[in-house]
Amino acid sequence: MLIFVQIAAYRDPQLLPTINSMLQNARTPEQLRICICRQYHPDDKFDNVDIFRKDNRFTIIDVFYADSKGVCWARNLIQQHYNGEDLTLQIDSHMRFAKDWDHKLTLMLASLQSTGIRKPLLTGYPPAFEPDIPFSTETPVAPSYMQIEGFTSAGIPTFIAKRLTDWQHLSAPIPARFYSAGFCFTVGIFCTEVPHDPDIYYIGEEISIAVRAYTHGYDLFHPHQTVIWHQYERKGVNNHWDDHTLWRLKDQSSFEVVRNLLTGKYGKEYQYGPGTERSLAEYERYVEVDFQKQLLHLNTATGAPLKPRYARCNI
């Protein structure tokens, strides 16, 4: 099965190590179709991807860093290159991969589909790694679940990762409330059904996709095994907001977009609005959150497990 891999990279010295780890640890690297939005500065030499330009698995979108409009805009550009692949993986450009990651994720998705879940979506905050600190991707590490950390002054929820305490006894992915933009694995048509809103700058990206995915009929799950690692501490790198003096204006503008979605002001007529398979109210009941009042049920505040919905996944 073909996997459409989406990588938005902004002046990232970890882009090449990420690509190499992904290819070297895939069981069937020939089945990958990789699209990279490379937002580059000409003085940077660390993100030169010329070695991959003649590889027919790769599509490279080069964007001069000053022309970039943010991560969601870049992800949207990538999704326009989706070409009917069976599955899709969205990641950040600073990741590491376990051996046979593609096979393991595909089996997890298939195990969920075997129970009648039509559009399962695997997501979450992967465990951390540091490029300068040796670690083994073969060492078992506890996966995590996502929990609301709080609400911003604009009323947008933010999230933290909590380690699963009983992960050694899990045999399949667990139901999830929320979505992580740095790791998502699902059916390929997700790229056209729930494309990223290019007008969202950064904060609000994840809750907006969670709402839209759920209302488009996707069921969210956290993997029960760790197959990908993420670099969180990124000192000394240039983020988009470091190079763009007007980023706060774009950020403030995108807050309104997210709040309109969370409070039901966007209907199906809005291109990046909710779906029609479920309602916003159904999502709020599922995650036990009132976005209008910014209230959480105790279950959500404490990360209490959702009702299991899975079949055994033998990997």
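The values are calculated or read from the model by the stated rules, or taken from the named source; none is laboratory data. Small disclaimer: the values here were computed from a predicted structure and weren't measured. Every residue, glycine as well, gets a Cβ built from its backbone with ideal geometry; the counts of neighbours run over all protein chains shown.
Here are the numbers for the structure shown:
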item: Test: residue in region 58-66 that is among the hydrophobic types (A, V, I, L, M, F, W, C), surrounded by 21 or more Cβ atoms within 10 Å (Cβ to Cβ) and out of contact with any Gly (no Cβ under 6 Å at 6 or more places or on another chain); result: no
item: Breaking point among (1) over 29 Å from I189 (Cα atoms); (2) not in a loop (DSSP other than H, G, I, E, B), for N76; result: (1)
item: Output for region 245-283, where each listed residue is at pLDDT 95 or above, of a type in the set (F, W, Y) and outside any helix (DSSP H, G or I); result: Y272
item: Qualifying residue in region 151-166 (condition: surrounded by fewer than 18 Cβ atoms within 10 Å (Cβ to Cβ), basic (K, R) and not in a loop (DSSP other than H, G, I, E, B)); result: yes
item: Filter pass, R212 being basic (K, R), in contact with a Phe, Trp or Tyr (Cβ under 8 Å, 6 or more places away or on another chain), surrounded by 20 or more Cβ atoms within 10 Å (Cβ to Cβ) and in a loop (DSSP other than H, G, I, E, B); result: no
item: Hits in region 267-293 (condition: farther than 20 Å from I156 by Cα and loosely packed, with under 13 Cβ neighbours inside 10 Å); result: K268, E269, Q271, T276
item: Residue pairs meeting the criteria (Cβ under 6 Å; at least 6 apart or on separate chains; first over 17 Å from F185 (Cβ atoms) and modelled with pLDDT of 95 or more, in region 2-28; second aliphatic (A, V, I, L, M) and assigned to a helix (DSSP H, G or I)); result: A9/L15
item: Subset of region 37-73 [hydroxyl-bearing (S, T, Y) and free of Cβ contacts under 8 Å to residues at least 40 places away in the same chain]; result: Y40, T59
